[in-house]
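Participant: Before anything else, here's the structure in question.
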Amino acid sequence: MGTARTEWVPVAITAVTLAAVIAVFVALSDESPWPLAIVVIIVVPVLVTFRSITVTVDRRELIVRYAPPLAFRHRIARRDIESVEVVDVRPRSWGGWGYRGSRKIFGRAAVLIRRGPGLEVTTRDGKKLTITVDDPEGAAAALDN
């Protein structure tokens, strides 16, 4: 029925910059590159995973997909959705970017890759998922149908 997508292009720039910093550090330093390499091994997959978020609405469910290689996804059946609202998302209020919170443990979570308009989905059991997308109005309209 509809798809909304948010892309975060600076991830590629960040990954290349990080690789360049490591190369310079290794070339100019007598220190072991392993601590820096371990940080990069942890940080780069996270950055790559959150470079793109796709929200798809079909007749049965809302699906939030992250970019490969990890390609996590959230699924919420349409019959479980109580309300949908377009909200102004501020990552600072969630503690930063990325996946924040837990719908299962805290009853609320957010998928944030930028500041600005987003979609807040509340399920019948009162749990909330907030997602930054480029066209939250379109996703909300698709869910209301």
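Bear in mind these aren't lab numbers, they're just calculated from the coordinates by the rules spelled out. Bear in mind that the values here come from a model prediction, so they are computed numbers and not experimental data. Note that each Cβ is placed from the backbone with ideal geometry, even for glycine, and that neighbours are counted across all protein chains shown.
Participant: Can you tell me which of 82-92, 127-137 comes out highest on packing, and rank the rest after it, using the mean Cβ neighbours within 10 Å?
Facilitator: 127-137, 82-92
Participant: Calculate, in nm to one decimal, what Arg115 and Ser32 gain on full extension: separation in residues at 0.36 nm each, minus their alpha carbon distance.
Facilitator: Between Arg115 and Ser32, full extension yields an extra 26.1 nm.
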